[in-house]
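The values are calculated or read from the model by the stated rules, or taken from the named source; none is laboratory data. All of these numbers come straight from a predicted model, not from anything done at the bench. Backbone-built Cβ (ideal geometry, glycine too); neighbour counts: all protein chains shown.
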Amino acid sequence: MNEHATNPGQGESDHVPKRVWSSTALLIVGRVWGTACTLVSLGLLARHLSGDDFGRFTFYLAVLVLLDGVSDFGTSTAAIQRGAHDRWALTSALISARRVRAMAASIGWLVVVSLAWLFGEQEVTWIAFAALAPMTRVLEASAVLFQNRIAWGIPVAIRAGVATLRLLLVIALVHANVASYGPFLVAHASGAAVSNALLYLAVRRFEPHPTVAVATTPGFLRLALPLAATGICQQAYFYVDNLFVRAFRGEVELGQYNAAVRILSFLLLVSAYATQAALPWLARRSRAGDLKRASSRLTIPLVGFGLACVILIWPFAGELLEAIFGASFRVAATSLRWLLLAVFVVYAGSTWLTAVVASGRATTVLWIAGGGLVVNVLGNAILVPVHGMEGAAMATVTTEIFVAAFSLAVLVRVGSRSARPLGA
């Protein structure tokens with residue numbers, strides 16, 4: 001193995017590598033297809049299920065996303081931090097990551113199923129089956145190798161193909177006139193499970209094959225803990241509004257609000273995947289001491305794209321919701337316009353937060369995410385009882401402003417220094 005293969009950052013500058021943009025484009029194409037399949041599925045289900053059942057379905061989609069984040073437990077980022085410069089160190093980190101994921105996924109499943117049973121949720125058996133899917137994240141840990149190489153062709157192809165199969169399964173269930181949301185929830189979750197298993201099979205030929213036993217990374221769980229807490233906080237402040245809208249306004253309005261949130265998620269694809277693809281590069285630029293300059297080169301085009309999204313969609317928010325989900329969802333237009341403001345803020349601040357992650361300051365990132373969760377919970381508690389789903393959208397905007405501002409302040413202070421050890 002040559003030196004460059006072992007140390008993938010050799011020879012990089014503070015200019016955004018072309019493979020970051022090419023990987024971002026590839027990720028977006030695949031995700032656009034996957035999200036389009038999801039939107040078609042939601043559009044069908046919005047018309048097929050009752051308003052209450054559609055609301056419950058979107059609620060448990062949010063729970064599955066949160067459970068998926070719990071199952072990762074910060075291991076992806078921790079492994080990248082440990083292995084961005086050394087492929088063999090990454091191999092050791094992945095062994096540790098699988099053990100941590102198995103523990104986290106099992107505990108997460110037990111918590112979700114227990115709460116569903118205690119609160120007397122309908123379709124609890126289907127919920128239990130769907131909640132098993134994140135356990136396949138144990139296998140998917142190996143896919144970090146693709147991320148470290150900034151090579152996303154195989155993962156994108158697998159996820160796009162599975163998204164198509166999941167849509168076909170939903171269509172089949174609709175055609176069979178399945179009336180409850182539980183089977184549809186399992187159909188959605190099974191797609192993620194199949195995708196994770198296929199990624200594991202695909203990446204095996206790229207994994208190093210040491211001739212001696214590779215030890216686990218010492219203290220990996222301790223290193224992953226602040227990153228895990230950060231990831232859970234980030235997922236929670238994006239989805240905790242589901243609890244408030246459901247409690248104060250009911251499941252019908254929750255379904256309408258989540259239709260707007262789905263469009264928000266779709267619009268954030270470029271930001272999410274550009275920063276995901278750039279993380280290994282930003283980690284290496286942090287080590288070289290030019291993180292602030294490197295991150296600014298990524299921020300400028302992302303801000304322009306976010307502004308374009310807001311300008312193009314703002315006048316047609318109601319029409320867009322009606323076209324995808326049906327006439328009854330047009331009432332979420334005001335919420336969507338608030339969420340469009342959040343889109344712009346996220347595009348401005350996502351690189352700043354990713355740069356702080358890349359700097360190795362995991363505790364600082366936890367403070368940012370934890371603060372965002374507190375702001376979001378308080379905002380929802382104050383605004384949702386009065387303004388309903390529009391209040392939830394306002395709380396989302398406020399949260400993203402807080403996260404972006406805090407991240408920028410940290411980056412300005414530390415951006416010209418080299419990275420600390422993870423967890424510092």
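Quick notes on this structure:
- Hey, Ala369 touching a Leu at 6+ places or on another chain (Cβ under 8 Å), touching a residue at least 24 places away in the same chain (Cβ under 8 Å) and assigned to a helix (DSSP H, G or I) or not: no
- Flag for Val303 being touching a residue at least 40 places away in the same chain (Cβ under 8 Å) and closer than 24 Å to Gly360 by Cα: no
- Count of segment 174-194 residues, restricted to those that are without any contact (Cβ under 8 Å) to a residue 40 or more places away in the chain and crowded, with 19+ Cβ neighbours inside 10 Å, is 2.
- Hey, Leu321 modelled with pLDDT of 80 or more and surrounded by 17 or more Cβ atoms within 10 Å (Cβ to Cβ) or not: yes
- Which numbered condition Phe59 fails, given (1) among the hydrophobic types (A, V, I, L, M, F, W, C); (2) over 26 Å from the mean Cα position of the chain (by Cα); (3) modelled with pLDDT of 85 or more: (2)
- Taken together, Ala187, Ala192, Ala163 contain a single residue that is within 22 Å of Ala79 (Cα to Cα) and either within 24 Å of the chain's Cα centre (by Cα) or not in a helix (DSSP H, G or I) (or both), which is Ala192.
- Subset of segment 253-290 that is assigned to a helix (DSSP H, G or I) and among the charged types (D, E, K, R) - its residue that is surrounded by the most Cβ atoms within 10 Å (Cβ to Cβ): Arg285
- Residues located in segment 374-399, provided they are in contact (Cβ under 8 Å) with a residue 24 or more places away in the chain, under 20 Å from the mean Cα position of the chain (by Cα) and surrounded by fewer than 22 Cβ atoms within 10 Å (Cβ to Cβ): Val375, Val377, Val397
- Hey, Gly250 surrounded by fewer than 21 Cβ atoms within 10 Å (Cβ to Cβ) and at pLDDT 90 or above or not: yes
- Condition check for Ile127: β-branched (Val, Ile, Thr) and crowded, with 22+ Cβ neighbours inside 10 Å: yes
- Answer from Phe402, Phe344, Phe406 - the residue that is of a type outside the set (Asp, Glu), surrounded by 17 or more Cβ atoms within 10 Å (Cβ to Cβ), over 30 Å from Ala247 (Cα atoms) and modelled with pLDDT of 90 or more: Phe406
- Hey, Ile313 out of contact with any Phe, Trp or Tyr (no Cβ under 9 Å at 6 or more places or on another chain) and assigned to a helix (DSSP H, G or I) or not: yes
- Against the test of being under 30 Å from Gly360 (Cβ atoms) and modelled with pLDDT of 70 or more, the options Asp86, Asp52, Asp72 yield a single qualifying residue, Asp72.
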